[in-house]
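Inspection log for the structure reproduced underneath, given as C-alpha cells.
Bear in mind these aren't lab numbers, they're just calculated from the coordinates by the rules spelled out. Computed from a predicted structure; not experimentally measured. Note that we place each Cβ from the backbone using ideal geometry, even for glycine, and neighbour counts take in every protein chain shown.
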C-alpha cells in the first residue's frame, strides 16, 4: 500500500525557514515560497501528482513495469528518476525523497530485482531530504543489490545522495556535479500580513535560546545560523570523503561549493566515469554477475 507523505505544514516550514543543500535555487525557491504561503493560508490545496515513473529493465532493455513475477528473466534493474528540487515530504514542485525511499525498499524485497539506477537530474534541496534516501540506498546495498547513480546534473543534496551509490557515472561531457555547501534562506514575514493585523511574539523568560538563531537573523546577526550551517557542511564534507575515498579533496573548489563538468569531475574523483543510462543498467548486471 502506497504511503501518503503529504505533510504540507511541515513542508511549508522547511521552505520558509529551512536549511538548503541546493545549487542556484533562484526562481525555484521564490516559487516554492509562494506555494508554501498558499498552503499555510489554505488559498491552495495540493494537486494530484503522477506516480514516479520507475522502469524495470531486463538485460535486453525490455521494460517489465507492472509485472508481478518475471521468472523468465535473469533479473531486472529498477530505474528511478530523481528529477527536480528534493524535499522530505511530497510536494507540487519537486521530489519527495521518502517516496523514492519507499520505492527502493519495495523493489529491494523482490527477488527478481538485481539492483537500481538512480537517474539524477537535481540541483539538490532541503537538508532533511538527504538521509531518508541515503538510508534506503544502504538497505538495498546490504541486500546485495547495487545502486548506480546516472547523473546529468547532481549538485549539493543530490550529489550527497549520489555519493552513497556504488558508482557515479556522468551522462555526457557537459553533465555537472558538486556544489558541496549549504545555506539558510529565511522569509521575514513580520510585515507581510495582508489583512492589517500585527503579530506579537512573546517568549517565556526561561526560553532565551528558543529560535534564537532565527530571531537574531531577522535583526541582522547571522552568527548562530552560520555556526549551524558550518556543522551541516562539515558533515556533508565528511560523508563525501568517506563515500569517495579516491576524491582529491584538496582540489580547488571541491569542498567550497564549486561545480564541475564531467572531465574534471572524473579527474578529481567526484565521479567514476561517463556512461549513458543503458551503460549504467549494464553496470548493475555486471556487478551482480548476471550479464
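Grab the beta carbon distance between residue 210 and residue 289, set R0 = 51 Å, and tell me the FRET efficiency rounded to 0.05.
On the way: r = 56 Å, r/R0 = 1.09.
The calculated FRET efficiency here is 0.35.
Applying a 10 Å radius around every beta-carbon, put 268-278, 217-227 in order of their mean neighbour count, most first.
Packing order, densest peptide first, comes out as 268-278, 217-227.
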